[in-house]
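The structure appears right after this line, and notes come after that.
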């Protein structure tokens, strides 16, 4: 346990060091993360309802997750976003995939749950659209409580290309961006989880969600 805490503190230090490098003028994600590094297992399905309160505006989020194998899972996400700079509601579409390569539950336990993955997100602003695509690194650790519930602090580092397409025929703008998400998953029961997290990626803010297991 002490070694796991040390590793988690090292990851936290890396996040704090990397935080100043993210682009302040980036559009950033409107969908958040709301996932730990642990994969739910093959054939599992869930639905997450979320709320984002960030610099660019407020987003209502729905996500469907599915376990593709023991250590691989993915999500399809839809967001309805009320951007501060746009008069009417807009849509965001997203997808992610991750593979867990470390598990605290392995036959030879690892210090943390860790995973790598990829993300895609499309944002419609009306006068422009933005595509995000890139890679992710996830870390988390589950702490069992005496009442049978589990609390898992988690973090996600994102390195992505942010591609801006303007409707007025201006040149497309593509830049490398970095993002950070950190939060806590609270597993209330075997099928219900709650999330609270912060996001630093240009669209800074907080996200909250509740996830329901479907199968």
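A short reminder: the numbers here are calculations on the coordinates, not readings from a lab. Just so we're clear, the structure is a prediction, and the values are computed from it rather than from any experiment. Cβ placement follows ideal geometry from the backbone for every residue including glycine, while neighbour counts extend to all protein chains displayed.
Things worth noting here:
- C-alpha long axis of helix 2-18 to longest principal axis of the chain, angle in °: 10
- Added length on full extension, which subtracts the Cα-Cα distance from 0.36 nm per residue, residue 206 to residue 133: 24.2 nm
- Over the residues of the chain, the helix contribution to mean residue ellipticity at 222 nm works out to -2500 deg cm²/dmol, using -39500 (n - 2.57) for each DSSP H run of at least 4.
- Length released on extending from residue 161 to residue 190, taking residue separation times 0.36 nm less the Cα-Cα span: 6.8 nm
- Gyration tensor verdict on segment 46-98 (Cα atoms; rounded if a/c is under 1.5, prolate if a/b is larger than b/c, oblate otherwise): prolate
- For the pair residue 146 and residue 55, label points projected 7 Å from Cα toward Cβ lie 4.3 nm apart.
- Two-site label geometry, residue 173 and residue 120: point separation in nm, points 7 Å out along Cα→Cβ: 2.5
- Using the alpha-carbon positions of segment 121-215, Rg (one decimal) and Dmax (whole number) come out as 17.4, 60 Å.
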